[in-house]
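What follows is calculated from the coordinates using simple rules that are stated; it is not laboratory data. All figures in this text were calculated on a predicted structure; none of them were measured in a lab. With ideal geometry, Cβ positions are generated from the backbone for all residues, glycine too; neighbour counts draw on all protein chains shown.
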Amino acid sequence: MADLTFTQGELEREKIRRAKQKCDEYQTEFSPYKEFGFWNFLQYYAPEFYTDEKIPLRDLSEILRKVTIGELKKVLISFFPRAGKSRTTSMWIAWWLGYDPAGSFMRNCYNDTLAMDMSKAVLDILKSQSYKDVFPEVKLDPHASAKMSWQLDDTGIATYFGAGMNGTITGKGCNRAAIFDDPIKNPEEAMSEAYLEKIDTFIEYALTTRVEIGSDCAEIIIQTRWCDLDPIGRRENDEEWHKFIFPVLNEDGTSICEAMFPAEKAIKIRDRWIANGKKWMYDALYQGIPSDAEFSKLNIKSMKRFSMNDIRGKEPDEVIGWCDYANKGTDNLSAPFCYRYGNRKYIVGVVFSDKDSKELEEPLLEKIIRFKPDELTFESNQGGREFADKFTEKYKYALEALGLEPIVKYATVNKEIRIMLKIGEIKNDCYFLEDNEQDNDYKRFFINLTAYGKYKYGKDDAIDSIAGLLSATSDLYDVEVDYFGEEKDKILDIKQSETVDETETDEDDSEFMCF
């Protein structure tokens, strides 16, 4: 009879042998050179999240795998919210390090807080037992393990480092991938050309100075498509870059993935946002369509028209006036007056001119006397308060006789974002005089209004004043712009009248959130 006794040492060696055999099997199954190798690793590591039904995540994993083996070098990715793209990117970095521990990664996003969260996500994976069972040789250097910058044992360079767009990345270099994950925080930043220029300068600086020369380092930008001048928009026509857009809905109205985002839910969100005049927000967040596309549709044929006879003898719910002061020679003073009937806003008259403000005082007073607004607001930005104070003092008796006490208000919301928040309401609920009833100011105003979106600069005096006026009307369709999170790291949160029911699939994925 064979001797089946084993010494303690033999048992330990057998345990190590089997563990090594299992490890080799895992590494073969998850190899970067095997189709769906990274996807196999994802399903091994988090099977409850990376299920077979989530085809878009499988496709994303293949894009990243092809970056790993050099088939793709410059990649642009736009994915709908809460899908798991940032989680998958963190998993990808950890997976690649298992096969190439000498690799170095740079990962930047819109602020340091999110950058730290992303770094911690990768560290948590490396420290997990499931990861160690596959890559037991990967160990962190205890002497270089800061949350924002750390390295593996026995390596001479930072394995991973990152920062926000205002953070510091000097003194470090990457040789495997330079990743820009959510570089834009919210629509307000996306609509600022100055901020977009700042982001692009940061990206080009990082790619020029932080990528190791001769390393053939990959470049990846992952973001919501906000506008044509965002980081993806500036590069999408460059043949060196490969673009991958993952919208929620296909052109036929079916979901890109029912398991991740059911079509019924996506259509419900889309229709609600369209009803509230926020189709541009839906397009940007869920369809990967730049919001600029919505502006280009603002033209004369799309505007609703009316005749004064249509409303003659009908008492409006309220009469609102708004005056946006012209602070530059090329700007126009724009002062529209509105009769509101329920949700409908009729622009009954306007003062619109680039003449000296003193010459426009009497025309403005004439419109005030004619339309007798219940509320008149002067926007105080850029010299508006001085104009308002002088006007109110000069015509105080006339204003008192009308029972009108003008409001002087400073705009706290970026001009572009205010326009975006109101553009749907302008198209759906605003009515403008027929051509034959427009005076000269109204004609100039209407031409300026319908020219918005056709030019890179200017042409926004009329639409800006209408957006301001609408913010002073009934709050039935008002959108509350609120912030949450740490005070110094705010994220824009657009709250609508009814809660948007979103698919919460990835708690670790920091995204633009709509509640």
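Angle between the Cα long axis of helix 461-472 and the longest principal axis of the chain, 0 to 90 degrees, nearest 10?
The two axes meet at around 90 degrees.
Treating only the Cβ of Lys, Arg, Asp and Glu as charged (+1, +1, -1, -1), what charge dipole size does the chain show about its Cα centre? Round to the nearest 20 debye. Could the numbers behind the result be given before it?
Working: 69 positive and 96 negative charges, 98 e Å.
Its charge dipole is roughly 480 debye.
Evaluated at 20 °C with a viscosity of 1.002 mPa s, what Stokes-Einstein diffusion coefficient in µm²/s does region 8-246 have when Rh comes from the Kirkwood expression over alpha-carbon pairs?
In µm²/s, the coefficient rounds to 115.
Which whole-number percent gives the relative contact order of region 110-235, counting Cα pairs below 8 Å spaced six or more residues apart? Please list the in-between numbers first.
Numbers: 165 pairs, mean separation 29.0, N = 126.
23 percent.
Roughly how many nanometres apart are two label points built 7 Å out from the Cα toward the Cβ at E434 and Y410?
4.6
Please report the Cα spread of the chain along all three principal axes, rounded to whole Å, starting with the longest.
116, 47, 39
Along the principal axes of its C-alpha atoms, what lengths does region 103-147 span, in descending order and rounded to whole Å?
Over region 103-147, Cα extents along the principal axes are 34, 22, 17 Å.
What lysines does K74 reach when the alpha-carbon gap must be under 20 Å and sequence neighbours fewer than 8 apart in one chain are set aside?
K66, K85, K243
Using only helices, what value at 222 nm comes out for the chain when you add -39,500 (n - 2.57) per DSSP H run of length 4 or more and divide by the total residues, to the nearest 500 deg cm²/dmol?
Theoretical 222 nm ellipticity from helices: -11500 deg cm²/dmol.
For region 298-442, what are the per-bin percents of Cα-Cα distances with bins 10 Å wide, up to the bin holding the maximum?
Histogramming region 298-442 at 10 Å steps yields 11, 40, 38, 12, 0 percent.
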